[in-house]
Amino acid sequence: MIKDLTSFISGICLIILSVVLFHEANQLSPFASVFPYAITSVLLLLSVLLIFRSFKIEIKVEKENVDTVKIFLLIIVFFAWIYFLERTGFVFTSLIAFNLLILVNSGLSVGIKKIALFMIFGSIFVLLLYFGFKNLLLVPLPEGLWLRDLQN
């Protein structure tokens, strides 16, 4: 007997997605398909675990008050990040957007020291992500059209 229908349906949908991703990874070269196979394998394993969990654990969802202003601000920050990514570059846009997301999500319930700590660690994470992609994985990230125009 299924106790958590949402987890069961999600698991089935994620297994279908895994099959599609496996099929798409078959079209890549052997070297290029290593990462997609690894990620898809993990997704498949977690999907099966989610289905097994749906038979054992019943999850009850309680209604919470949804702050529509917070959701609206989060959506604006995400779309602004997408819009400014090519114009100002990954590092600058991501630092601003990540710190704005921290400010919007924390609200007034968290102290200033904790917010500052979240912002510092978030900024370090963004910078490590940038240098990891740019230098280790050799993935070009947007550098910013506006900054490129200023240099010329």
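The values are calculated or read from the model by the stated rules, or taken from the named source; none is laboratory data. Note that this is a predicted model, so its numbers are computed, not measured. When we count neighbours, we look across all protein chains shown, and the Cβ atoms used for this are built from the backbone with ideal geometry, even at glycine. Each accessible area value is taken on the protein alone, full model and side chains, heavy atoms only, with ligands, DNA and RNA left out. Shrake-Rupley method; radii C 1.70, N 1.55, O 1.52, S 1.80 Å.
Which one of these is under 30 Å from residue 134 (Cα atoms) and exposed (fewer than 12 other Cβ atoms within 10 Å of the Cβ): 42, 69, 34, 91? Spell out the reasoning first.
Working: 69 fails: under 30 Å from residue 134 (Cα atoms); 34 fails: exposed (fewer than 12 other Cβ atoms within 10 Å of the Cβ); 91 fails: exposed (fewer than 12 other Cβ atoms within 10 Å of the Cβ).
Selected residue: 42, the only one of 42, 69, 34, 91 that is under 30 Å from residue 134 (Cα atoms) and exposed (fewer than 12 other Cβ atoms within 10 Å of the Cβ).
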Completion exercise
Taking region 96-112 and keeping only residues that are over 24 Å from residue 83 (Cα atoms) and either acidic (Asp, Glu) or open to solvent by 80 Å² or more (accessible area, probe 1.4 Å) (or both), one is left with 108, 109, 112
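Conditions tested, residue by residue: (1) free of Cβ contacts under 8 Å to residues at least 40 places away in the same chain; (2) outside any helix (DSSP H, G or I); (3) within 30 Å of residue 32 (Cα to Cα).
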residue: 72; (1), (2), (3): yes, no, no
residue: 82; (1), (2), (3): yes, no, yes
residue: 85; (1), (2), (3): no, no, yes
residue: 99; (1), (2), (3): yes, no, no
residue: 103; (1), (2), (3): yes, no, no
residue: 114; (1), (2), (3): yes, no, no
Practice task
Test residue 49 against the criterion of being among the aliphatic types (A, V, I, L, M), at pLDDT 85 or above and open to solvent by less than 60 Å² (accessible area, probe 1.4 Å), and give yes or no.
Solution key: no
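Return the residue satisfying two criteria in turn: it lies in region 1-42 and is of a type in the set (Ser, Thr, Tyr) and over 30 Å from residue 57 (Cα atoms), and of such residues it is nearest to the chain's Cα centre (by Cα).
Of region 1-42, the ones of a type in the set (Ser, Thr, Tyr) are 6-7, 10, 18, 29, 33, 37, 40-41.
So of that shortlist, the ones also over 30 Å from residue 57 (Cα atoms) come out as 29, 33.
Numbers: 29: 26, 33: 21 Å.
So the residue we want is 33.
Please find, among 133, 84, the residue that is at pLDDT below 85 and surrounded by 12 or more Cβ atoms within 10 Å (Cβ to Cβ). Steps first, please.
Numbers: 84 fails: at pLDDT below 85.
On inspection, the qualifying residue turns out to be 133.
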Handout entry: Inter-residue pairs, beta-carbon under 9 Å, first of a type in the set (Asp, Glu) and in region 1-21, second open to solvent by 70 Å² or more (accessible area, probe 1.4 Å) and part of a helix (DSSP H, G or I), 6+ apart
Key = 4/53; 4/55; 4/56
